[in-house]
Amino acid sequence: MRDLSQFINSSEILRELTGQTYKPLLAVLGPFNSGKSTLLNSLLGLKLSPVGVLPTTSRLIYFDYGSSFRASVYNLHRKEVFLQPAELYSFLAKDNVSGEQVKIVVPAPILKKCRLLDTPGIDSPDRESLNISALAAQKADKIIYLFHQRGIDESSRLFLYKLASTWKTKNLNDISFWLNCNLGSSDGTSLETSRSALKEIFMSPARIHTINTRVRENIETLRLFLEMQLAQENLRQAARELRKIDADIPRKLKKVASIKDETLFLAEFWSIQQMIQKNLEASRLIHTAPSFVQELDHRLASMSSVNLMVAEKKAGGTAYRPRPQTIRENRKVLQDIIRQLVNDPVIKEYIDRLRLEKVSSLIASERFTVVVAGGFSTGKSTFINALLKDDILPAADGPTTSVITRISHGSAKKAIIHTPLQTTVQVYEQVGDKAVLHRAVLEALERWITVDGSGISLLEAFIDGSFKTVDSREIALLLKRTRELFVAGAFARTARTAQPSIYRRIPVKALKGGQAPQKIRVTFQNPGAREFDISEPAALQRFWDAVGLDCALKVREVEIQHPSELLELAVFVDTPGLDWIQRRHHQNISFNIKNSEVCLVFLNGKHILSGLERNDFNSLFWLKDMGHAGKREFLKDNEKIFYVISFADTLTPPQREAVYNYVMSFLKKSTFPKIFMISGLKGLTGTESGINSLLKALEEVVLKYRGRKFYLDRLNDIYYILEAATQKINQAALRSVQPTNDEKKMLHAALQGLREYRLQIKNVRNTIYVTGRFGISGKRQTFRRAVEEDHTRDQHTDRR
């Protein structure tokens, strides 16, 4: 690595010798809280740009070289000057005014070679920040684009499409993409997903590296990467200058040859010799550059191998169980009462056994629905795996849940994939006035038709506003024509395949007139269910493959059964990420949320409430009709919504507090929002106490609303069965004109038994009402009045 540093230093000397004075502007772009400011602070060796888990940079911050620190903050009304880094940092952290411009000079070595620019997150909540970032991208000579560990999301995709349009006249190699693995080792899925998306966006392979901005060695490697890029640029410019000088040497030699004065001749000749020496040295440096590039590539590869080294995280620890004396306990008590009633020899001839068994079946089969929603890679699947203490759902840095997945109780571990009779897939989508091809959908359709065609009974293409029936040959031609319309050109073809690998955006108007189908509707021959025994790792892997992002287009819903005790009370519904590029499940997710008892909304603690995430939130949880004065109205049953901030183990206590307050401020229109911070990975090993607190609160809410109503209804069912039994006993007493002592004792024992069962029911009712603060109203008043009337009737019967 010493040779690489010497090469960089030599190129800098050469730059000075050839009189190059321009320093390129290098902008650091990416989503908020992706590590941009942390990266810049580490490169400069000073804490200058504000860092936090919330959006902290809302203005452009320029960095240039100076012999001593000096910072100037400009806006329309004032100019502030700071001579101490700590004073500036404190000011920027407090005075987060959008639109300001900050210029900082600092004696950092890298600033001798380039200028740096810190930018707001491209997905910050306010629109102004996005405009500022777009302006920075236009001004920049080079760009570092930093992704979160979860990889490219919808916000980055839209921003990069615009960047690709403005960067056409520049070199794509001047943009470097980095996946920030600052949450721990990455599994590589988000890296591959991002690499594929970048290829589509820029119509050319784009290099993307991994980095952990918390690791000093990673920052040093990035610094070398930047300096190597700058050195190569210096060499290219120096080579151009030296070629001009080299072309002028014969003229100068001819001129020197005509000098008669020996001293002057030697001086001029020595000057030309020095010039030739510079040219030779520059040529040597230029020719050795590829070997140094290979050395740097090796270092980047080594860094990636460490960042992608996934630590095995097996599920373990004590299983999460429902809190006693709530839903599970009430269920057990009611079932015990029913069992005793059915088997009690004193009263069994007066009890309606069939009605009791029906009530028992209702109690045993009742499940409450908990929907788990949120952005992709926010820890939803990891959380469910932690609850089950089993790695049943695939979990990775990138999107893994591609369809609605229902997890319910079963005696054995199995998964059922439901294939619909019909599915409609979007071939391309409109982004502004451009159409963007869904490459994965196109390729999947082609495979279905050519390879799996036997499973398709009908194909329909949506052209010019309506679906038209087509055969496999016609659809193949339509897809081929669509591919040709979007293909980026012959240069995009790879050596191994005749199919183009890169596609471009095209104007929407170019697709009119039946040029390409926007949607394809597929009807399958054999809709139904496929079952997997997922108790074995090999079978589990086959199931994961069957619901992968490619096969998911054929799947309507997935059902998983697991013998977890927790699932005896609730069905959990895992949902695709709301901010995933494939958004066809949005309507289904919204339906499940609105029809659930509880919804857990997962937020990434390291990337909290981006602008796109807020839009998704609003579309799901705000009613569409407008209230008074044009105000939106929050869902009336918003108390069933829990906000779960994941990756809490990666946040410091001050950061946790800041994130909590930030989410609370966004939810201020909601009544007493319930916010929990957890770590799904810690939950897998049973070391996360926050999950127990969440489950306790969740169960209380379920019991307070639908759970309370359900059990009161079942208590009423049992009460009416007991009342019918009491009436039978009274009728038996009236029919006996002169009952014997034994008959009297039997009737009295039966009434006493029914009275004891009523007392048990009353105790269960009181237990149900322990949770929450409710007045006596509705069913509770009816139930109490019925019990009091029943008690009076018993006393009257006893006296008789």
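If I go through the stretch 418-439 residue by residue, how many of them are touching a residue at least 60 places away in the same chain (Cβ under 8 Å), part of a strand (DSSP E or B) and farther than 13 Å from Arg521 by Cα?
9
Hey, can you tell me all the residues within the stretch 499-512 that are at pLDDT 70 or above, more than 31 Å from the chain's Cα centre (by Cα) and part of a loop (DSSP other than H, G, I, E, B)?
Residue satisfying the conditions is Lys512 alone.
What number of residues within the stretch 403-435 are modelled with pLDDT under 80 and open to solvent by less than 10 Å² (accessible area, probe 1.4 Å)?
The number of residues fulfilling the criteria is 0.
Check whether at least one residue in the stretch 87-107 is within 30 Å of the chain's Cα centre (by Cα), among the aliphatic types (A, V, I, L, M), modelled with pLDDT of 85 or more and open to solvent by 10 Å² or more (accessible area, probe 1.4 Å), and report yes or no.
No, the stretch 87-107 has no match at all.
Within the stretch 505-544, count every residue that is of a type outside the set (A, V, I, L, M, F, W, C) and crowded, with 19+ Cβ neighbours inside 10 Å.
Qualifying residue count, the stretch 505-544: 2.
For the stretch 515-523, state whether one or more residues are at pLDDT 85 or above and assigned to a helix (DSSP H, G or I).
No, the stretch 515-523 has no match at all.
This table checks each residue for (1) outside any strand (DSSP E or B); (2) under 28 Å from Leu695 (Cα atoms); (3) modelled with pLDDT under 80.
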{"residue": "Phe491", "(1), (2), (3)": "yes, no, yes"}
{"residue": "Thr497", "(1), (2), (3)": "yes, no, yes"}
{"residue": "Glu531", "(1), (2), (3)": "no, no, no"}
{"residue": "Val573", "(1), (2), (3)": "no, yes, no"}
{"residue": "Gln587", "(1), (2), (3)": "yes, yes, yes"}
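Return only the number of the condition from (1) without any contact (Cβ under 8 Å) to a residue 60 or more places away in the chain; (2) hydrophobic (A, V, I, L, M, F, W, C); (3) assigned to a helix (DSSP H, G or I) that Leu111 does not satisfy.
For Leu111, the failing item is (1).
Take Leu442 and tell me if it is part of a strand (DSSP E or B) and either at pLDDT 85 or above or in contact with a Ser or Thr (Cβ under 8 Å, 6 or more places away or on another chain) (or both).
Taking the combined requirement at face value, the residue does not satisfy it.
In the stretch 460-481, which residues are in contact (Cβ under 8 Å) with a residue 24 or more places away in the chain and open to solvent by less than 70 Å² (accessible area, probe 1.4 Å)?
Glu460, Ala461, Phe462, Ile463, Phe467, Ile475, Ala476, Leu478, Leu479, listed by residue number.
Which condition from (1) outside any loop (DSSP other than H, G, I, E, B); (2) farther than 18 Å from Phe225 by Cβ; (3) open to solvent by 10 Å² or more (accessible area, probe 1.4 Å) is the one that Asn173 breaks?
(2)
So that you can scan it fast, the table gives a plain yes or no per residue for (1) part of a helix (DSSP H, G or I); (2) among the small types (Gly, Ala, Ser); (3) under 22 Å from Leu40 (Cβ atoms):
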{"site": "Leu158", "(1), (2), (3)": "yes, no, no"}
{"site": "Ala164", "(1), (2), (3)": "yes, yes, no"}
{"site": "Ser190", "(1), (2), (3)": "yes, yes, no"}
{"site": "Ser194", "(1), (2), (3)": "yes, yes, yes"}
{"site": "Ala197", "(1), (2), (3)": "yes, yes, no"}
{"site": "Glu200", "(1), (2), (3)": "yes, no, no"}
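Gly316 is checked against (1) open to solvent by 40 Å² or more (accessible area, probe 1.4 Å); (2) more than 30 Å from Leu751 (Cβ to Cβ); (3) at pLDDT below 80 and fails just one. What number does that condition carry?
Looking at each condition in turn, Gly316 falls short on (1).
Does the stretch 337-383 hold any residues that are in contact with a strand residue (DSSP E or B) (Cβ under 7 Å, 6 or more places away or on another chain), more than 30 Å from Gln149 (Cα to Cα) and either crowded, with 24+ Cβ neighbours inside 10 Å or not β-branched (Val, Ile, Thr) (or both), and which are they?
Arg367, Phe368
Can you tell me which residue within the stretch 56-86, out of those that are in contact with a helix residue (DSSP H, G or I) (Cβ under 9 Å, 6 or more places away or on another chain) and at pLDDT below 80, is surrounded by the fewest Cβ atoms within 10 Å (Cβ to Cβ)?
Thr56
Would you confirm whether or not the stretch 751-764 contains a residue that is open to solvent by less than 40 Å² (accessible area, probe 1.4 Å) and modelled with pLDDT under 80?
The answer is yes; a qualifying residue exists.
For the stretch 663-674, give me each residue that is modelled with pLDDT of 75 or more and either surrounded by fewer than 16 Cβ atoms within 10 Å (Cβ to Cβ) or in a loop (DSSP other than H, G, I, E, B) (or both).
Answer for the stretch 663-674, where residues must be modelled with pLDDT of 75 or more and either surrounded by fewer than 16 Cβ atoms within 10 Å (Cβ to Cβ) or in a loop (DSSP other than H, G, I, E, B) (or both): just Met664.
The values are calculated or read from the model by the stated rules, or taken from the named source; none is laboratory data. What you are looking at is a predicted structure, and each value in this text was computed from that prediction instead of being measured. As a convention, Cβ positions derive from the backbone with ideal geometry for all residues, glycine included, and neighbour counts pool all protein chains shown. Just so you know, the surface numbers come from the protein's heavy atoms only, side chains and all, with ligands and any DNA or RNA stripped out. Shrake-Rupley method; radii C 1.70, N 1.55, O 1.52, S 1.80 Å.
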